[in-house]
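First the structure, in the form of structure tokens, and then the observations on it.
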Amino acid sequence: MNSNIVLCVDDDAAVLNALRPLLDKMLGEGVTVEVAESGREALELCAEIAEDGKEISVVISDFLMPGMRGDELLVRMHEKTPRTVKIMLTGQSDLDGVKRSINEANLYRFLEKPFNNADLALTAKSALHTYRQGLELEKRNAELERINAHLESLVAERTAELVEKNKQLEKLSVSDRLTGLYNRLRLDQVLDAELVRSKRYGNSFSVILLDVDHFKSVNDTHGHQVGDQVLTQVAYLLRKDAREVDTVGRWGGEEFLIVCPDTSIEGAALSAEKLRQKIAQQSFHVVGGKTCSFGVASIRAEETIDTLIARADAALYRSKHNGRNRVEIEC
């Protein structure tokens, strides 16, 4: 973008012949002074300069010209190149055109005819400096916008990372490290929430408590690493085959708990039986076949979570006592 083109517009050739050498001398090297004898010629010149990827830096226009007045020219130039700094020369006492130029063309200054050469030259020099400052300000603003956009992108990226890390931390806080199922903390939260729903709306819910049969012998015979593999495999089967609405978690040791919302004791027993069969049909790494025993209980009126779990635990004990690899329901 060339910021060193000054355009003088006047229908008086004598004025133009006086302005060009004056401005050439006062504005110094590197500044091109162009002239036009009418508003139409000025607009055509602006269009040619624009085709070369340049624009007029400063325009000095007479007000009263045939065909197109100076205020009309400045307004039309402002629409095309709003950065151009505009100066008007006028010998008229009627200031309507000047006011229009100020309001619609962002007029920089107007000078009365006959103008003072030194005053006009200094005004043109100041206008050129103002134009260059505007370009520099635009450049700096563009750089600031680029920097801000980059910073916003970094902030958005960091925010997304923090959100993801928080999700991971939240998941870790409620997950069992070995099996990936919900941990005791999360199961307690779900049980409390289901109890509140049950008391408020009368909803029924049930729990399934199970543990791996003869699990101690797995650790004693094959070691804890194999025992961990058995627990992980059982957890996988429970997660895969349990209903989507159910919450599956590790209750502790080799025990697992499944919370079944809006489920009767019969429905929970049926789900437990399906899970028992899936596990019994599975071949476990190193140890081969393994089974689980199940105890099922359903919430009762005015009951606490502790008594509900105690009844499920008692049912699980009966399952063990009655031969294991079976489902027992509450008494």
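Take residue 137 and decide whether it is hydrophobic (A, V, I, L, M, F, W, C), part of a helix (DSSP H, G or I) and either farther than 30 Å from residue 81 by Cβ or not assigned by TED's automatic domain parsing to the domain that holds residue 58 (or both). Spelling it out, it is not the case that residue 137 is hydrophobic (A, V, I, L, M, F, W, C), part of a helix (DSSP H, G or I) and either farther than 30 Å from residue 81 by Cβ or not assigned by TED's automatic domain parsing to the domain that holds residue 58 (or both). If the condition is being farther than 17 Å from residue 6 by Cβ, in a helix (DSSP H, G or I) and among the charged types (D, E, K, R), then region 80-108 contributes 96, 99, 100, 104. Any residue that is at pLDDT 95 or above, within 39 Å of the chain's Cα centre (by Cα), of a type outside the set (A, V, I, L, M) and assigned by TED's automatic domain parsing to the domain that holds residue 321 - is there at least one of those in region 219-232? Yes, some residue in region 219-232 is at pLDDT 95 or above, within 39 Å of the chain's Cα centre (by Cα), of a type outside the set (A, V, I, L, M) and assigned by TED's automatic domain parsing to the domain that holds residue 321.
Restricting 64, 111 to those that are outside any loop (DSSP other than H, G, I, E, B) and not basic (Lys, Arg) reduces the list to 111. Note on region 172-187: residues that are within 27 Å of residue 226 (Cβ to Cβ) and either modelled with pLDDT under 85 or small (Gly, Ala, Ser) (or both) amount to 3. Only one entry of 44, 55 meets the criterion of being of a type in the set (D, E, K, R) and in contact (Cβ under 8 Å) with a residue 24 or more places away in the chain, and that entry is 55.
Within region 132-191, the only residue that satisfies the criterion of being charged (D, E, K, R), surrounded by 13 or more Cβ atoms within 10 Å (Cβ to Cβ) and either within 16 Å of the chain's Cα centre (by Cα) or under 30 Å from residue 56 (Cα atoms) (or both) is 132.
Within region 215-235, the set of residues being touching a residue at least 12 places away in the same chain (Cβ under 8 Å) and within 21 Å of residue 294 (Cβ to Cβ) comprises 215, 218, 227, 230, 231, 232, 233, 234, 235.
Matching residues to (1) hydrophobic (A, V, I, L, M, F, W, C); (2) surrounded by 14 or more Cβ atoms within 10 Å (Cβ to Cβ); (3) touching a strand residue (DSSP E or B) at 6+ places or on another chain (Cβ under 8 Å):
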position: 9; (1), (2), (3): yes, yes, yes
position: 13; (1), (2), (3): yes, no, no
position: 18; (1), (2), (3): yes, yes, no
position: 22; (1), (2), (3): yes, yes, no
position: 32; (1), (2), (3): no, yes, yes
position: 53; (1), (2), (3): no, no, no
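Of the residues screened, residue 320 is one that is touching a strand residue (DSSP E or B) at 6+ places or on another chain (Cβ under 8 Å) and within 26 Å of residue 188 (Cβ to Cβ). Assessment of region 118-126 against the conditions (acidic (Asp, Glu) and in the same structural domain as residue 266 (by TED's automatic domain parsing)) yields no matching residue. For residues that are of a type in the set (A, V, I, L, M) and in contact with a strand residue (DSSP E or B) (Cβ under 6 Å, 6 or more places away or on another chain), scanning just region 175-190, find the one that is farthest from residue 324 (Cα to Cα). Top of the filtered list is 190.
Quick one: is residue 272 under 20 Å from residue 313 (Cα atoms) and free of Cβ contacts under 8 Å to residues at least 40 places away in the same chain? So residue 272 does not fit the description; no. Out of the residues in region 275-311 that are hydrophobic (A, V, I, L, M, F, W, C) and without any contact (Cβ under 8 Å) to a residue 12 or more places away in the chain, which is farthest from residue 218 (Cα to Cα)? Out of the qualifying residues, it is 301. From the list 6, 15, 59, the lone residue that is assigned to a strand (DSSP E or B) and in contact with an Asp or Glu (Cβ under 8 Å, 6 or more places away or on another chain) is 6.
Return yes when residue 62 is without any contact (Cβ under 8 Å) to a residue 12 or more places away in the chain and touching a strand residue (DSSP E or B) at 6+ places or on another chain (Cβ under 7 Å) and no when it is not. Criteria not met by residue 62.
Just need a number here: residues in region 18-56 that are assigned to a loop (DSSP other than H, G, I, E, B) and of a type in the set (Ser, Thr, Tyr).
Residues that pass the stated criteria total 1.
The values are calculated or read from the model by the stated rules, or taken from the named source; none is laboratory data. As the structure is a prediction and not an experimental result, all values here were calculated from the model. Reconstructed Cβ throughout: ideal geometry from the backbone, glycine too, with neighbour counts over all protein chains shown.
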